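First the structure, in the form of structure tokens, and then the observations on it.
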Amino acid sequence: MSAFGHQMEREFSAQSLLSREDTGTEMGSRYVVESGFYMTSFAATIFIAGILTVGVLLVTLLVTLVVMLQSCESRSKGVVEIQKGSGIYHYCKAFASHGELNSLKEAEIPPVCWSLAFQYIKRREYERDLNFTISMIESFFNTISPSDNHLDVVLMDIDDTLASDPTYTYSYQLMHQRQFNLEYGSDKPRGSIEDAINLKQRLTMELCMKLQSRGWPLILLSGKPETQRNVTIEHLKTIGFSGWSSLIMRSDTEMGMESWEYFSRRRTAIAMKEGNEIVSVISSRMEALTGSSLGKRVFKLPKPWFYQF
């Protein structure tokens, strides 16, 4: 073969080799593209942000579902508690009326009703009821005036309103305050029995003084024995009350009477004496509001503790 022939063969061989290298390189690029993917840094950032957003949404959804389930559970429990409390409340209310009508003793109160009785004071429901009742009494007396002959009288039972027996009141208060502390702790709670008794005494005395200032003769009734008259008068003066028309207490012959009978007889005697007309009887005890000669309007003040649920 000539020298020119050898040269052409070498050039052809070199071109063939280059051609094969280019083909191999192209195949390699296609392999990379087909077996994976190429992504810029901006696209990668968007992709990661999307994954994080989806994750946050899933977590939020999970938390929302948990909160909704807890809310439904609490609401369901609340319905059960309200239903149970409502049954106990109505039972104790019915027993309270029964107890007052039959003059039952404190020891006969069902244990299940004690907590409700404490709540009546603690939640200041007694204060609300007392203020409302006194407002009704004042509204009634705003519509009428005492007669010129001064024979119209107002009767006030003071044993459970003005605390005419301080020794009894203290022991009464102390006993219930201990029970209150057992329910709500040793510290004096807001709206304690002591506060309720003081509130009752203050508002009742203010009511009596308003009636006196408008010219209404006030007769005080007490179921305590005559032997406690001096102690009772001293106590009334101590709390700043005076100016009543008379104070009626039990004689020795009346000590064996039922309370409702004693109060009824005393009211009848007052009405028959010199033509007195009883305009109203005010008391917190049912036994003092039972029987004859009750006047034009009877008002029952709420009790802070006894038989009040």
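The values are calculated or read from the model by the stated rules, or taken from the named source; none is laboratory data. Keep in mind it's a predicted model, so treat the numbers as computed, not measured. When we count neighbours, we look across all protein chains shown, and the Cβ atoms used for this are built from the backbone with ideal geometry, even at glycine.
Condition check: at pLDDT below 80 and of a type in the set (D, E). Does E100 satisfy that? Yes; evaluated as a whole, the condition is true for this residue.
Residues of region 90-125 that are surrounded by 14 or more Cβ atoms within 10 Å (Cβ to Cβ), of a type outside the set (V, I, T) and closer than 17 Å to D195 by Cα: A117, F118, Q119, Y120, K122, R124, E125. For N198, the test of being at pLDDT 85 or above and either acidic (D, E) or under 23 Å from the mean Cα position of the chain (by Cα) (or both) is passed.
Within region 102-128, residues that are touching a residue at least 24 places away in the same chain (Cβ under 8 Å) sit with their Cβ atoms under 8 Å from residues that are of a type in the set (D, E, K, R) and not in a loop (DSSP other than H, G, I, E, B), at 6+ positions apart or across chains, in these pairs: S103/E287; W114/E183; S115/E183; F118/E183; I121/D195.
For S251, the stated conditions hold: it is more than 37 Å from the chain's Cα centre (by Cα) and either polar (S, T, N, Q) or surrounded by 20 or more Cβ atoms within 10 Å (Cβ to Cβ) (or both). Against the definition (hydrophobic (A, V, I, L, M, F, W, C), assigned to a helix (DSSP H, G or I) and in contact (Cβ under 8 Å) with a residue 24 or more places away in the chain), how does L155 come out, yes or no? In short, no.
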